[in-house]
Amino acid sequence: MSGTERELLVETVEGLLHGAGFGDPPTEGAAQQAWKLFAEYGLTLVGVPEDRNGSGGTFEDASAVVRVVAAEAGPGAFAEALLVAQPFQMRTGWVPSDAPVTFADGTWRLDRDSAGFTLSGHARRVPWARVAERIVMPASDDAGQRYLVEVPTSELDVVHGTNVADEPRDDVAAEGVILRDGRVREIDDRHPAADVEMWGARARSVQISGALGAVLEMTVRYAGERVQFGRPIARFQAVQQHIAALAGEVVAARAAVSAAVTDDGEIDPVSTAAAKIRAGIAASNAAALAHQVHGAIGFTQEHRLHRLTRRLWSWREEFGNELYWSRRLGEWIVERGADGLWPLITSTSRSVVP
Amino acid sequence: MTFPVDEPEAFRDTVRAWLRTHVPDEPLPPVYEDRGLEAHRAWEKELYEAGLAGLDWPEEYGGLGAGYRIQAVFQEEYVAADAPTRLNRLGLGLVGPTIIAHGTPEQRRRWLQPILSADELWCQGFTEPEAGSDLASVRTRAERDGDAYAISGTKVWTSLATYADWMFALVRTDPEASKHGGLTFVLIPMDDPGITISPIRQLHGEPGFAEVRLEDVRAPAENVVGGEGNGWSVAMTALSFERGTGLGSHVRFSRDVEMLVELAKELGRASDPAVRDALTARFVETEVFRAYVQEVASRADETGEPGPEASVTKLYWSEMESRIFETALELLGADAERLEHPYASVPADLHRRYWHARAAKIFAGTNEVQRNLIARRLLGLPRYS
């Protein structure tokens, strides 16, 4: 997609969300409505090639859509669908549909007999499971063979839960469920589903970077409008300092995230870990600075700020927080040894981690 | 039981013993739930009957005349005993001492006793939608009408408005005077028909905030404290009490750090160097805080009043508290954002306290304002312009 096409895409998504005016907390109904709206415009299949029933565009274009949804605090599993479930489906050779989908990383076991496949297991805190029509998950059988499974949600048990931003995070379980309308494909270690955590971490990083931009914009606007002591508070050096620091966080996080978002979607582990770490740190710092500038009004339910900051706080924790990815990244770096450090930092080609 | 206010350690022993026999076994229902208000008021009355309400008030007004060190001891024991949250903080801690400092003898006779006995509850009417950090720009107008004032305007962020009997408010009596010169401190009845209270929901769901609209509300002239036009200096007295000296609060933060340590152990992360680094930093911060507030309390006893150090205390503890809960959430990782925790060492209200720590950097004078005060009053730097 060209630059102007990408801009048009972003504007379309913004326009749809503004027009719909979704409230808070994000409800099932709102998520369903949002998905339907996006599907009408082909937006749920951005990143899926046209010859595979999709709308075309790259993984980067799909990330642009997800970023805007995050910036608008929109409801629904767009990140999970566009940046994880659908790439998994495509790399398995399946054609994605435009029905709502999510993925459930957990402990799943597949058994096979003459009747077909049986699924058992569970996954905790599956994003938007209650709204998804189909759920994608990695599973294993007793022999250790791995599979990618796609199952209609109606065949599973779903227990509702939420994260701190009141987004659905449902527990999903199955006990010897005979797969009637599911798809199963054997996969190996090279399949992205082997690294669900990294794909999930990257998706959250993209969302964080979207929300960060919106928080910065909101904060700059507020500081320009709120008058105390006879002038907009943006004229006070203390406030300027906060906003400058906030902008710094946003820019740094964006840079880290765009390094991890590749055209074809392939994961670069080092960039992904770095993106999640930097985005997570930025999420904490930016949220704190934005709330400080907004003062008491930013603390009310009525004001929009918390819709973004609570998402930032939730997303930084999901799929590994900074502590987790720092440890892993540190281990990779140490294993490469001192001679491996400089090439790692300066190389522009994809890294291979031990 | 008598409480020896001249000997801190003897005082500590008697207070601890009293608390042990009087603090309810079960936590009281929250103030904003059914029966919660009355349960908390009953507890305030118990403290009053024991002579423990208004510790720092002069004896002639029903207090114990306790200095800052004694107040600190009381607070430490109170927190350590997990005693109920105080309902009467604004009365005992703010408007009571303000009336003692600026009120007439008649006003002291009228207002102080019902504050001590918790028969009258108070809310604070300072902030307005257009007057936050710039408190002096309040617009609520009070016009003299015979022997009363007719008051109209809007106050916001008013805690306890739904339960208060009275509001102490900063209002503008003279729009022609200078910004700081036309203000008056007045006591307003909350049962006036011209008062409308609208609840404001906070992002962490904590109730208790409200917007209060006043339309032609009447307050008798004798409810003005400190004289018409002197409102700013009376309000500054009240705010200095609000900022406080952080007395005894270090106990709460030290316990929070203990919670972090237990959590780290329960999660099996106690050997992680990054975790240990964060935990030791939090520990050192709380120890520094404890030493500082004790020193400030001693100094305040010598001078007889809370000094500008209150700004340092407020700035320090609010930022420390944010870091404590930031550390807690980092430790918990992905589990942090679950609303129910499987870990024994995690307090049930972890998220609420995390959010409230953010609010602490904003209320009672934003940390930016506190830094300005520290710069001017403690460091002698020129006024910011």
At 37 °C in a medium of viscosity 0.692 mPa s, chain A has a Stokes-Einstein diffusion coefficient, with Rh taken as the Kirkwood radius over alpha carbon pairs, in µm² per second, of 155 µm²/s
For the stretch A:164-281 (alpha-carbon point model, no solvent) the Debye-based log₁₀ I(q)/I(0) at q = 0.17, 0.18 Å⁻¹ works out to -0.95, -1.01
Would you list, by chain and number, the lysines whose Cα falls below 27 Å from the Cα of B:Lys265, excluding same-chain residues fewer than 8 positions away?
A:Lys276
Can you tally the net charge around A:Leu305? Count Lys and Arg as +1, Asp and Glu as -1, for every other residue whose Cβ sits under 14 Å from the Cβ of A:Leu305.
+3
Over the alpha-carbon set of the stretch A:1-122, divide Rg by the Kirkwood Rh and report the Rg/Rh ratio to two decimals.
1.04
From the helices alone, meaning DSSP H stretches of at least four residues, give me the mean residue ellipticity at 222 nm for the protein assembly as shown, per-run term -39500 (n - 2.57), in deg cm²/dmol to the nearest 500.
-15000 deg cm²/dmol
For a quick size check, give me the Cα extents of the protein assembly as shown along its three principal axes, largest first, whole Å.
92, 55, 53
As I understand it, the value is the acute angle between the Cα axis of helix A:3-20 and the longest principal axis of the Cα atoms of chain A; what does it come to in degrees, rounded to 10?
80 degrees
Rounded to two decimals, what is the ratio between the C-alpha radius of gyration of the stretch A:95-195 and 2.2 N^0.38 Å?
1.04
Compute the label zone of B:Val23 within the stretch B:84-123: residues whose backbone N is under 15 Å from the point 7 Å along Cα-to-Cβ.
B:84-86
Apply 1/(1 + (r/R0)^6) to the Cβ-Cβ distance of A:Ala20 and B:Glu33, taking R0 = 41 Å, and write down the FRET efficiency to the nearest 0.05.
0.70
Once you order the gyration tensor axes a ≥ b ≥ c over the Cα atoms, which shape class does the stretch B:192-239 get: rounded for a/c under 1.5, otherwise prolate or oblate by comparing a/b with b/c?
oblate
Between B:Glu60 and A:Asp141, take the C-beta separation as r, use R0 = 56 Å, and let me know the FRET efficiency to the nearest 0.05.
0.10
If each residue of separation counts as 0.36 nm, what is the full-extension length gain between A:Arg221 and A:Arg112 once their alpha-carbon separation is subtracted?
33.4 nm
Going by amide H atoms built from the backbone, whose H comes under 5 Å of the H on A:Gln145, apart from near neighbours?
none
In nm, the gap between the two label points placed 7 Å beyond Cα toward Cβ at A:Arg231 and A:Arg190 is 6.3 nm
Under 28 Å Cα-Cα from B:Lys314, which lysines qualify once same-chain neighbours fewer than 8 residues away are excluded?
B:Lys155, B:Lys179, B:Lys361
With a point put 7 Å past each Cα toward its Cβ, work out how far B:Ala80 is from A:Thr4 in nm, to one decimal.
7.5 nm
If r is the Cβ-Cβ distance from A:Gln32 to B:Arg139 and R0 is 56 Å, what FRET efficiency results, to the nearest 0.05?
0.75
Tilt of helix B:105-116 relative to the longest C-alpha principal axis of chain B, in degrees (0 to 90, nearest 10)?
30 degrees
Can you give me the distance in nm between label points at A:Ile178 and B:Thr14, each placed 7 Å from the Cα along the Cα-to-Cβ direction?
8.1 nm
Considering the alpha-carbon set of the stretch B:35-136 alone, what are its Rg and its Dmax in angstrom?
14.7, 43
Helix A:269-294: angle to the longest alpha-carbon principal axis of chain A, degrees 0 to 90, nearest 10?
40 degrees
Tell me whether the stretch A:274-354 comes out rounded, prolate or oblate; compute the Cα gyration tensor, take square roots of the eigenvalues as a ≥ b ≥ c, and use a/c under 1.5 as the rounded threshold.
prolate
Jot down the per residue volume, in cubic angstrom and as a whole number, of the convex hull over the alpha-carbon atoms of chain B.
155 Å³
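A short reminder: the numbers here are calculations on the coordinates, not readings from a lab. Since we're looking at a predicted model, the values are computed, not measured. Heads up, the Cβs are rebuilt from the backbone with ideal geometry, glycines too, and the neighbour counts pull from every protein chain shown.
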